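Working notes for the structure below.
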Amino acid sequence: MTSGPLGRGRPPAPIDGAMRLIEAVARLGTGVTAKELAAFVGMPPATCYRLLNTLTASEFLVRVDDLRGFAIGRKMDEIVTAAVAPFVPSAARDVLEELRGRIRFGVHLIIYLGDTVRVGDQDPDRPLHSEHDLLRHPHASAAGKLLLAHLPDWRQALPHLRQLTEHTIIDPDVLDAELAEVRRTDTAHQRGELIDGIACCATPIRSRGGDVVGALCLAGPAARASVMTEQIGATMEAAKLLSDLIS
Amino acid sequence: MRMHGVARPELPARSSVTGLDRRRLGPLPVLAQSVAAVAPSGAAAIIPAIVLGATGPGALLAFVCTTVVCMLVSWCIQQFACRMRAPGGLYSYSARALHPGGALVTGWSALLGYSVVAMAGLLAVGLYLADLAQRLGAPPSIGPPLAAGVVLVAGVAVGVILVAGIRLSARVTLLVESVSILLVLVVLIVLFVLVLPTADLSAVLAWKPDIRPLAVGIVIAISAFIGFESATTLSVEAAKPLESVPRAVRWTVPAAGVLYVFSSLVQSVAMPSPSISHEVTPVTDLVSLHEPMVMSIVLDLAIAASWFSCALASLNALVRVLFCMGREGVVPRGLGHTHPRYRTPSRALAVVLPPVVATPCILILAGAQQHALADLLTLSALGYLGTYVVVCVATPLFLRRIGEATRATWIVSVTAALLLTVIIALAIVQTFSEQPVLVSVFLAVLFGSSCLALVFRRRAPARLEAVGVYDETIASDVSRGAQRGIFR
């Protein structure tokens, strides 16, 4: 067998070979041919062509140049995006700092990428209780509900509603009614639905086109939820300032 | 080694086959398209009997050999299907490797195959249901008008289903075809169990290699497999086309092969005399020999259903080939229009449906029903075989052009092309001696389309150059890199 810059002298396992091919397309650039890839990765051509066909079938790679060349497919963007920390400019951090100084709740900046919730900037003094649950269970958090409320079909993005506490909404119709309320009032709430004893509320950050692209969240003990609600006006003003920073 | 910064042609913003309902079908409906176009239950009921009549005990071997040949062809088709999304199927594939004029002739051969098998499907629906009506006590005199009426109704139903969207037609195809295969399998198994005690299996399975009847048998048997490639015409509408389409093409052939081998085994042990194979509905007659009414009624219904979905699937493929030709401008451009709401090639359907329905009606009313079905199937087989030979030749050339040829590609495709050439030559010689008209029609289509290609070459070379449209990668299919958030 041939040995190239990425070759290690032994025939690779299919999954390893596939990942190395994606890496090679990324390195050699759009339009690289199957033959060039086989040589670069150091793989028997027949194996390489078969793996390339699998990768194009699952759309991680696409064919360009009248089928001769390869490029990284759109599907890879989701993976790459997940690996990158969202960029938050210092002007936006200033807005958050100012609000944190005035309010005795956790103030978090949430960013929506596709149909996922990402944490843009979390309050250093009152950190999130579980970033893990926030990302996985949008139906149980205020920021998640705000995202779901503005998706064309939230049921497709979230087919199963998992029970996390005794307050979690797991009936799709009840959730649907609440999402309609979120759209009407332009704020979302949650009280002990994600983690017992913790409440939060979220107001949208909008792009120039009016799309909801992120949220400004307040989080604190559920017992002080009514005090939190009184701060929504200030939060909405800060969210408006953040909206102005969006391209 | 190529590095960044090389000037590259821009990717198109939209595909040249926009207008179809892109990426909607799951893997099962895609498989159903190929299976239905083969019409395995309808073919299992008719063709093994004809092969048996021609080869005697060699029928099993003939079906095994044919399965192998078709698997080689299917391998060649898969090489295209896993690399490009082309609703024109084999026509568009051949254009990737051959001169566009040659592709045009291939396209017309495919149009002949799809349209004539759709006619045969509708004709068979009429014949089987009229036969059933007579079995249930209708007077023989109303047979032909009844059959023609059934063809008309079935034709209109096919038209409505095909316009109303690919998802509906795919679902109907899947449902009807699964039910009919199941019914035919049940009937065959019951028949097998009934005749097994008195059967002489050793005579059926005896190894008597005799090349001449075997070759004749293969020529007939291959007409039972044609259509397995038709999932390729759904490659824009399939959700993951580069995976589901080659898979459908791969599995249809061996699955149909197993059914045919079993069917010919059952029929050869159950058949009392060779004369029965000249009947129109041999398995039904066999069943009525061994069993009372119920089973033969079930069987007739199942076979009619199978032919109905065959007509549906073949027209589905036919209109998509015409749609591509319309987009290229090698037929009137209007045929490339799609229905704005249902996103189906409705204009192409409106043009082909009337002749496809009228032909079997006229054949039935002219009283030519006995042999018309076999004749139509033979003619369509010639059309399909023409495209298969071309695609086998095109496979290694295509792979060499994109730099992905291997030794295996050359061996498989050259073997497939040689075997098919022999089969098509035998088919032409044999058909010519029995039905010279059929061969003349086939050759006339080839000649006519060659002339058309020549005219295009002199008068409108740009249109000929456009041959071979497919669903190419568009700008939004390619990675734009990581999304860094929402801020500037």
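In cubic angstrom, how much convex hull volume per residue do the alpha carbon atoms of region A:14-80 span?
Given the Cα convex hull of region A:14-80, per-residue volume reads 75 Å³.
How big is the equivalent ellipsoid of chain B along its three axes, where each semi-axis is √(5λ) from the Cα gyration tensor, reported in whole Å from largest to smallest?
39, 25, 22
Quick check: convex hull of the Cα atoms in region B:383-488, volume per residue, rounded to a whole Å³?
Taking only Cα atoms, region B:383-488 has a hull volume of 179 Å³ per residue.
So if I place +1 on the C-beta of Lys and Arg and -1 on the C-beta of Asp and Glu, and nothing else carries charge, what would the dipole magnitude of region B:27-464 be about its Cα centre? I want it in debye, nearest 20.
Charge dipole, region B:27-464, about its Cα centre: 2080 debye, nearest 20.
Averaged across the residues of A:65-75, what count of C-beta atoms belonging to other chains lies within 10 Å of each residue's C-beta?
Average neighbour count from other chains, rounded to a whole number: 5.
Just the Cα atoms of region B:93-157: what Rg and Dmax do they give in Å?
18.4, 57
List every residue whose amide H lies under 5 Å from the amide H of B:Glu472, counting only residues 5 or more places away in sequence or on a different chain, with H placed 1.01 Å from N in the peptide plane.
So B:Glu472 has HN proximity to B:Ser16, B:Val17.
If one takes the longest principal axis of the Cα atoms in chain B, at what angle in degrees, from 0 to 90 and to the nearest 10, does the Cα axis of helix B:241-270 lie?
Once rounded, one gets 10 degrees.
Could you check the spin-label model distance between A:Ala13 and B:Ile411? Points 7 Å from the Cα along Cα→Cβ, value in nm.
Each label point lies 7 Å from its Cα, and together they span 3.0 nm.
B:Phe432 to B:Ala358: FRET efficiency via 1/(1 + (r/R0)^6), r the Cβ-Cβ distance, R0 30 Å, to the nearest 0.05?
Step by step, r from the Cβ atoms, then E = 0.65.
Are there trypsin sites (Lys or Arg not before Pro) in region A:128-215 that DSSP marks as loop and that have at most 13 other Cβ atoms within 10 Å, and which are they?
A:Arg162, A:Arg208
Consider just the alpha-carbon atoms of region B:335-451 and return their Rg together with their Dmax, both in angstrom.
Expressed in Å, the Cα Rg and Dmax of region B:335-451 come to 18.8, 55.
Enumerate the amide H contacts of B:Leu25 below 5 Å, restricted to partners 5 or more residues apart or on another chain; note that Pro and chain-start residues carry no placed amide H.
B:Ala238, B:Ala239
Can you list the aspartates and glutamates whose alpha carbon sits under 18 Å from that of A:Lys240, skipping same-chain ones fewer than 8 residues off?
A:Asp94, A:Glu97, A:Glu98, A:Asp121, A:Asp186, A:Asp211, A:Glu230
What is region B:46-148 by shape, rounded, prolate or oblate, if you read a ≥ b ≥ c off the alpha carbon gyration tensor as root eigenvalues and call it rounded for a/c under 1.5, prolate for a/b larger than b/c, and oblate otherwise?
Here region B:46-148 falls in the oblate category.
Give, in whole angstrom and from largest to smallest, the semi-axes √(5λ) of the equivalent ellipsoid of chain A, with λ running over the eigenvalues of the Cα gyration tensor.
45, 20, 17
For the residue pair A:Arg162 and B:Ala460, what label-to-label distance in nm results when each label sits 7 Å from Cα along the Cα-to-beta-carbon direction?
If labels sit at A:Arg162 and B:Ala460, their model points lie 6.0 nm apart.
Put +1 on the Cβ of each Lys and Arg and -1 on the Cβ of each Asp and Glu in region A:86-243; which of A:Cys200, A:Thr165, A:Leu218 then has its Cα farthest toward the positive end of the dipole?
A:Leu218
Taking only DSSP H segments of four or more residues, each worth -39500 (n - 2.57), what value at 222 nm results for the protein assembly as shown once the sum is divided by all its residues, to the nearest 500 deg cm²/dmol?
-20500 deg cm²/dmol
With r as the distance between the Cβ atoms of B:Ala239 and A:Ser130 and R0 = 30 Å, compute the FRET efficiency 1/(1 + (r/R0)^6) and round to 0.05.
Efficiency, from the Cβ-Cβ distance: 0.30.
Which three extents, in whole angstrom, do the alpha-carbon atoms of the protein assembly as shown cover along their principal axes, largest first?
That gives 98, 62, 53 Å along the principal axes, largest extent first.
Any read-out appearing in this document is the output of simple, stated calculations on the displayed coordinates, not a laboratory observation. In this text, all values refer to a predicted model and were calculated from it rather than measured experimentally. When we count neighbours, we look across all protein chains shown, and the Cβ atoms used for this are built from the backbone with ideal geometry, even at glycine.
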